[in-house]
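Engineer: Please read through the structure below; I'll follow up with questions.
The values are calculated or read from the model by the stated rules, or taken from the named source; none is laboratory data. In this text the structure is predicted, and so the values were computed from the model without any measurement. Note: ideal-geometry Cβ built from the backbone for every residue, glycine included; neighbour counts use all protein chains shown.
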Amino acid sequence: MFDLENLSNEAEEASNAASTLEDLTQVQTQFLGKKSKLVEAKKALGTLPAEDRANVGKEINEIKGQIEQLISGRKSALQESEWISKFNKERMDLTERLRPIDRGHLHLITQARDELEDVFIGMGYSVAEGPEVETAWYNFEALNIPDWHPARGNFDTIFVDLGEPEEVMLRSHTSPVQIRTMESQEPPIYIVAPGRTFRTDSADATHLPAFNQIEGLVIDKGITMGDLAGTIDSFVHAFFGEEVKSRLRPSYFPFTEPSAEFDISRSDGSWLELGGCGMVHPNVLRNCNIDPEVWQGFAFGFGIDRLVSMRYQLDDIRELVVNDARFLRQF
Amino acid sequence: MKVLLSWLKEFIPDLDHDPEEIGKRLSALGLAVESMEVVGNELSGVVVGKVLDLRPHPNAERIQLVDVDLGNGEATQICCGAFNMQVGDIIPVATVGSILPDGMEIAQRKLRGEVSNGMCCSASEIGLGDDSDGIMILSENDPEREWDIGGSVSDTLGLESDVLWDLEVNANRPDAMSVSGVARDLAASLGLPFNFPMDRYEKPQATVEAGIQIDIEDPTLCGRFLACIVKGITVGPSPQWLQNRLIHLGMRPINNVVDISNYVMLELGQPNHTYDLDEIKGSRLGTRRAKAGESILTLDDVERNLCEIDGVIVDGDDTPIGIAGIMGGASSEISESTTEIIIEVAWWDPPSISRSVKNLNLMSEASMRFRRGADYGINMRRSLNRVVQLLSETCEPEISELMQVDGNLPDTSPVRVSKERVNGLLGTSLASEEMMDLLQSIGFECQEVIPEGGDGSPSQNDFQVIVPSWRWDTQTETDLAEEIARTFGYERIETTIPRGPFTGQLSRFQKGRRTIREILIGAGCDETMPMPFLAPGDLQNAGLSSNAISISNPLVQEESLLRTSLMPGQLKIISYNQSHRIKKLKFFEIGHVYLPSEGDQLLPDEREYLSISITGGDATEIVAILDLISSTMAFPNMQLNQQEIGGLHPARSAQVSVAGKNRGVVGEVDPRVLKNYGIDDSVAWLELDLGSILSGSFGKKKYKSVSKYPSSDIDLAFAVPADTSSASIEGCIRKAGGPYLQDIELFDSYKAGGVTEGVRSLAYSLRFQSSEGTLTDNEVSKLRAACISEVEKKTDAKLRE
């Protein structure tokens, strides 16, 4: 009647022929717009006999629905292909790394020091620090090393031109921090003291005149040598791994008695000497006005540089002070 | 201290343990084994040779040709790199086909055209000691001996297979500086009997008059002085077995008198001295402190100036003939013609000897033992007798009675030990009897204590200990607790873990420092850690004051000053890296500097500084990092005050203040400084007194509610003269904007056409917002006008329309 039979075929052809969304909009206007055959047919419905109107109206709506569906399907397809062509234009090779974000690196000593501190913090210790330039009192005398003591010579101390000769020095161990802590703090004391220490060692593959130690001190009631051995053991497990064992061997330090070296086990069954330790000497407690009849304690210490050197198998410990960026950025 | 298995066995006859096991025991006793080696293995093919002729090598300067007789009377030619032989010398020769202890196989070789039929050997090459300095001259000390030319060197020298340990002996173990002392500990540890075999020796009758006067003038110096006169001495070589042992333990044989003296010191730990009696004037040996101005020529041919710190032995003329406890004088040294000697065995006060060693900077085998505390007991007499006994193996000496004078000896009163206190220290639960057994096994005499006012039965808790004379170091209950622990075995102490009352944590300071490190890593900076030593000139080259603390005993001049700034160290690191073609560097360091103190404070004013250095960047790059740190850490009132600063670019440098106090500098390093350090790039620099900042208040952040009303943005651009800072303009805007100014950002800075010379254009983006309602256009323009007016009133900047 309105010649609508081929309309949906025509619309299908036209919309398939539309290659852009703009073209498709024109097709939409052509077949569904105000001047389209369908709209005109709808307007002309009133001219039809009443009994035909319902059927023809239904037919018009069906065709309209078909065309709408056709166009919307075509629209989705065109949109999709536009995205795809946009994406293809935007293609990036993600392996072209033109602008890396440079992260900085903590020095190996700091990394080890933080890790050691954290192990002991977990065990209820706090971290104490002290000056690197010290008097003979803190570096030696308070630690039960009088001026004539044969052990003084073993420290290879670096002295500075302050006060009387050999009165002021770069601390040769972190033990002065023990004294300063005991002087300023009432027991109980649970501290570790990491820091820089100095000896007149010429720098070579295994020695540095400036190196780092960490020292532990516990002063409390009823502290025993068994506590010392157990503390070393649990630190060794936490830091080196559960499979690593520790042992104490008799040694001598003027500031502890009994004194010991402590070793850790290696996978081949041998032992590696790690540091020194012992029960705080009563004279040291007395020098800090702590009554050795009431308080007892232990101390231990070891080198951080050596630990780092072992862990990363450094072939030359001087790497730690040369500060070559190619070295620093490895860790 | 080195010890030989065969020597230990003389004191522990039942010792038949595996050498590895013995080594472990020694280490567990605190005598750490540094090395263990098997020595004196069969030397097959190494024979006694006699040097017949020495000729230069025609084609090589460093080699000579040696003809040796190897027993067949013929000359065998050997090329040799050592030149210490003379014709007639008797030497060990490794013949072709022999294998030396280190595995070296000897073959016939041609060296630069000359045939070598074997090798002349040093002492260390045949496994006898460490001496590899030249060929071993067997005949050196014994020219008269009939040598079995061509015979086995092993047989000739009596070399026997043995085990040699090198032990580390701690400063508290004077007794372990001897073979017998090591043996005593080892025997106790193994539960084997220990004894002194020389005690069975019967001393010959005294046939010589003891005609020497002994005076101890300072009893605090000399605690005991024993002497004996020996006549009928023939100086000559000592027995080969004795020489071998000396060599193994690291000493060089000289003659029988000297060797025996050394042997007894190594064996019994008692340093002793022999004088040529003829050279002692006035038949007297006195001991006293030296006087200022006195001097002595010691055995090592060095003239030494003495002072009151040193002790001396003097003759009848009161002239020093030896330095107490350290070294004898040359004037009474044993010579080939000596026939009569005095043997001295003395005990010197350890602190006195220690101070003297330090004063004279002279260490000897004797002083090493005396400063630790030698044995002042029966061992002195034993040692003197042992010298006589060994001398009688080499000649027929006649002896005098022993003379003895005592000064002040160590306090020998018993030390009281409480079982409970010792257990409380060690964490053990030993009975008193067990403790006593342990101590007695190493020669400590233990006695029961009968408490006063009790029923007369011994105390269950306390006992007392008489410390043996060879353990001068042991004086207190704690010292004895250590001996108990050592002999009980550290490894047998049960481990426990103390639980302190604290929650472990870092201080605010330490947490702050860690956070700053993390910020810097995020900002791409690598942490450096140079040594804090500087070379003279480093500070001046960095444009800084040269006032720094110097090191009294520097190893090298380059490390003779303590830094007062991190800059020289950082510039050296930058220079090093750039010379290795690493260009873009971002470094930071947190470390101590040591400022000379003002006033009478002894220690330096030591501070913890932070430095950041960036190569190829300008100052603003590093100010941005400073701002990042300051805002993250909430440093109170961080400000930059631009000014000239030594070492920095004069027009690109500012003081950094925090909470109104100067806390550092920021800018770029002065290009002239960079030139001094060989750096050809710009370096942006920041140095903060981080320790002081973190010791003050920081990190306080306050909540401010986020406004739910819309905000209004405006832009303002000013023409700003060179000496007006952006910070001052921002300050004015902040002041005028008051609580409504949410944000201010400098988004443009340029010097371009349209702006007068020296004047730059600074453009700011401002955001206004109220927490009470939407700001009207009118309110915003009032705020805008207020900001402009404040800037123009307080600074020389003018709004650009």
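Engineer: Just to check your reading of the model, which residue among A:71, A:60, A:121, A:67 is under 46 Å from the mean Cα position of the chain (by Cα) and surrounded by 12 or more Cβ atoms within 10 Å (Cβ to Cβ)?
Structural biologist: That would be A:121, the only listed residue that is under 46 Å from the mean Cα position of the chain (by Cα) and surrounded by 12 or more Cβ atoms within 10 Å (Cβ to Cβ).
Engineer: So which residues in the stretch B:574-616 are facing chain A (nearest Cβ under 9 Å), under 19 Å from residue A:105 (Cα atoms), in contact with a strand residue (DSSP E or B) (Cβ under 7 Å, 6 or more places away or on another chain) and among the aliphatic types (A, V, I, L, M)?
Structural biologist: Across the stretch B:574-616, the qualifying residues are B:585, B:590.
Each row is one residue, and each column tells you yes or no for (1) of a type in the set (A, V, I, L, M); (2) surrounded by fewer than 23 Cβ atoms within 10 Å (Cβ to Cβ); (3) not in a loop (DSSP other than H, G, I, E, B).
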{"site": "B:182", "(1), (2), (3)": "yes, no, yes"}
{"site": "B:193", "(1), (2), (3)": "no, yes, no"}
{"site": "B:215", "(1), (2), (3)": "no, yes, yes"}
{"site": "B:218", "(1), (2), (3)": "no, yes, no"}
{"site": "B:226", "(1), (2), (3)": "yes, yes, yes"}
{"site": "B:238", "(1), (2), (3)": "no, no, no"}
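Engineer: Determine which member of the set B:543, B:500 is at positive phi, in contact with a Gly (Cβ under 6 Å, 6 or more places away or on another chain) and either surrounded by fewer than 20 Cβ atoms within 10 Å (Cβ to Cβ) or not assigned by TED's automatic domain parsing to the domain that holds residue B:191 (or both).
Structural biologist: Criteria check complete, one pass: B:543.
Engineer: Hey, among B:88, B:71, which residue is out of contact with any Ser or Thr (no Cβ under 9 Å at 6 or more places or on another chain), surrounded by fewer than 19 Cβ atoms within 10 Å (Cβ to Cβ) and not aromatic (Phe, Trp, Tyr)?
Structural biologist: Residue meeting the stated conditions: B:71.
The rows are residues; the columns are (1) of a type in the set (S, T, N, Q); (2) buried (at least 20 other Cβ atoms within 10 Å of the Cβ); (3) under 24 Å from residue B:353 (Cα atoms).
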site: B:369; (1), (2), (3): no, yes, yes
site: B:377; (1), (2), (3): no, no, yes
site: B:380; (1), (2), (3): no, yes, yes
site: B:401; (1), (2), (3): no, no, no
site: B:405; (1), (2), (3): no, no, yes
site: B:409; (1), (2), (3): no, no, yes
site: B:416; (1), (2), (3): no, no, no
site: B:422; (1), (2), (3): no, yes, no
site: B:435; (1), (2), (3): no, yes, no
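Engineer: Something else about it: So, in the stretch B:409-435, of the ones that are within 12 Å of chain A (Cβ to nearest Cβ) and polar (S, T, N, Q), which residue ends up nearest to residue B:219 (Cα to Cα)?
Structural biologist: B:418
Engineer: Could you figure out which of (1) part of a strand (DSSP E or B); (2) without any contact (Cβ under 8 Å) to a residue 24 or more places away in the chain isn't true of residue B:413?
Structural biologist: (1)
Engineer: Here is a list of conditions, (1) closer than 18 Å to residue B:355 by Cβ; (2) at the interface with chain B (Cβ under 8 Å from one of its Cβ atoms); (3) in a loop (DSSP other than H, G, I, E, B); (4) not basic (Lys, Arg), and residue A:164 meets all of them except one; can you say which number that is?
Structural biologist: (2)
Engineer: Pairs, please: C-beta under 9 Å, at least 6 apart or cross-chain, first residue in the same structural domain as residue A:178 (by TED's automatic domain parsing) and crowded, with 16+ Cβ neighbours inside 10 Å and in the stretch A:300-327, second at pLDDT below 95 and among the basic types (Lys, Arg)?
Structural biologist: Going by the 9 Å Cβ cut-off, the qualifying pairs are A:317/A:306.
Engineer: Taking the stated definitions as given, is residue A:181 more than 12 Å from chain B (Cβ to nearest Cβ), under 33 Å from the mean Cα position of the chain (by Cα) and surrounded by fewer than 22 Cβ atoms within 10 Å (Cβ to Cβ)?
Structural biologist: The answer is yes for residue A:181.
Engineer: Give, as residue ranges, the strands (runs of 3 or more DSSP E) completely inside the stretch B:1-73 that count at least 1 residues that are within 14 Å of another protein chain (Cβ to nearest Cβ).
Structural biologist: Working: elements: B:2-4, B:32-39, B:46-57, B:60-69.
In the stretch B:1-73, B:32-39 are the strands (runs of 3 or more DSSP E) which contain 1 or more residues that are within 14 Å of another protein chain (Cβ to nearest Cβ).
Engineer: Same structure again: Can you list residue pairs whose Cβ atoms sit under 6 Å apart, with the first residue in the stretch B:5-23 being under 17 Å from residue B:176 (Cβ atoms) and the second being of a type in the set (Phe, Trp, Tyr)? Count only pairs 6 or more apart in sequence or on different chains.
Structural biologist: From residues that are under 17 Å from residue B:176 (Cβ atoms), the pairs are B:11/B:194; B:12/B:194.
Engineer: May I pose another question? Among residues belonging to the stretch B:296-313 that are among the hydrophobic types (A, V, I, L, M, F, W, C) and more than 16 Å from residue B:352 (Cβ to Cβ), point out the one that is surrounded by the fewest Cβ atoms within 10 Å (Cβ to Cβ).
Structural biologist: Per the stated criteria, the residue is B:302.
Engineer: Let me ask something else. All but one of (1) surrounded by 22 or more Cβ atoms within 10 Å (Cβ to Cβ); (2) touching a Lys or Arg at 6+ places or on another chain (Cβ under 6 Å); (3) closer than 30 Å to residue A:327 by Cα hold for residue A:108, so report the exception by its number.
Structural biologist: Against the list (1) surrounded by 22 or more Cβ atoms within 10 Å (Cβ to Cβ); (2) touching a Lys or Arg at 6+ places or on another chain (Cβ under 6 Å); (3) closer than 30 Å to residue A:327 by Cα, residue A:108 comes up short only on (2).
Engineer: Considering only the stretch A:115-131, how many residues are of a type outside the set (Asp, Glu), more than 8 Å from every other protein chain (Cβ to nearest Cβ) and within 21 Å of residue A:236 (Cβ to Cβ)?
Structural biologist: 2
Listed here are the residues, each with its yes/no results for (1) under 14 Å from residue B:712 (Cβ atoms); (2) buried (at least 17 other Cβ atoms within 10 Å of the Cβ); (3) outside the structural domain of residue B:722 (by TED's automatic domain parsing).
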{"site": "B:747", "(1), (2), (3)": "no, no, no"}
{"site": "B:762", "(1), (2), (3)": "no, yes, no"}
{"site": "B:765", "(1), (2), (3)": "yes, no, no"}
{"site": "B:769", "(1), (2), (3)": "yes, yes, no"}
{"site": "B:775", "(1), (2), (3)": "yes, yes, no"}
{"site": "B:778", "(1), (2), (3)": "yes, no, no"}
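Engineer: Of all residues in the stretch A:167-183, count the ones that are part of a loop (DSSP other than H, G, I, E, B) and touching a helix residue (DSSP H, G or I) at 6+ places or on another chain (Cβ under 7 Å).
Structural biologist: Count: 4.
Engineer: I've got another one for you. Which of (1) within 12 Å of another protein chain (Cβ to nearest Cβ); (2) surrounded by 19 or more Cβ atoms within 10 Å (Cβ to Cβ); (3) of a type in the set (Ser, Thr, Tyr) is the odd one out, the single condition residue A:234 does not satisfy?
Structural biologist: (2)
Engineer: Here are some conditions: (1) at pLDDT below 95; (2) in a strand (DSSP E or B); (3) not β-branched (Val, Ile, Thr). Residue B:611 meets all but one. Which one does it not meet?
Structural biologist: Residue B:611 satisfies all of (1) at pLDDT below 95; (2) in a strand (DSSP E or B); (3) not β-branched (Val, Ile, Thr) except (1).
Engineer: Next up: Can you run down the residue pairs with Cβ atoms below 7 Å, 6 or more apart or on separate chains, where the first is in the stretch B:41-66 and among the charged types (D, E, K, R) and the partner is part of a strand (DSSP E or B)?
Structural biologist: Sorted first by the residue in the stretch B:41-66, then by its partner, the pairs are B:50/B:68; B:50/B:69; B:50/B:90; B:53/B:67; B:53/B:75; B:55/B:64; B:55/B:65.
Engineer: Here's something else I'd like to know. For the stretch A:184-215, what are the residues that are of a type in the set (A, V, I, L, M, F, W, C) and assigned to a strand (DSSP E or B)?
Structural biologist: A:189, A:191, A:192, A:193, A:198, A:210, A:211, A:214
Engineer: Tell me whether the stretch A:138-161 contains one or more residues that are surrounded by fewer than 20 Cβ atoms within 10 Å (Cβ to Cβ), aliphatic (A, V, I, L, M) and assigned by TED's automatic domain parsing to the domain that holds residue A:308.
Structural biologist: Checking the stretch A:138-161: at least one residue is surrounded by fewer than 20 Cβ atoms within 10 Å (Cβ to Cβ), aliphatic (A, V, I, L, M) and assigned by TED's automatic domain parsing to the domain that holds residue A:308.
Engineer: For the stretch A:130-137, does any single residue satisfy the condition of being within 25 Å of residue B:533 (Cβ to Cβ) and either in a helix (DSSP H, G or I) or not assigned by TED's automatic domain parsing to the domain that holds residue A:306 (or both)?
Structural biologist: Let us first name the residues in the stretch A:130-137 that are within 25 Å of residue B:533 (Cβ to Cβ), namely A:130-137.
If we keep only those that are either in a helix (DSSP H, G or I) or not assigned by TED's automatic domain parsing to the domain that holds residue A:306 (or both) as well, we get A:136-137.
Checked the stretch A:130-137: at least one residue is within 25 Å of residue B:533 (Cβ to Cβ) and either in a helix (DSSP H, G or I) or not assigned by TED's automatic domain parsing to the domain that holds residue A:306 (or both).
Engineer: Here is a further query. Can you tell which of B:566, B:520, B:571 is at the interface with chain A (Cβ under 8 Å from one of its Cβ atoms), among the aliphatic types (A, V, I, L, M), in contact (Cβ under 8 Å) with a residue 60 or more places away in the chain and in contact with a Phe, Trp or Tyr (Cβ under 7 Å, 6 or more places away or on another chain)?
Structural biologist: B:520
Engineer: Looking at this structure, is residue B:396 part of a loop (DSSP other than H, G, I, E, B), away from chain A (no Cβ under 14 Å) and of a type in the set (D, E, K, R)?
Structural biologist: yes
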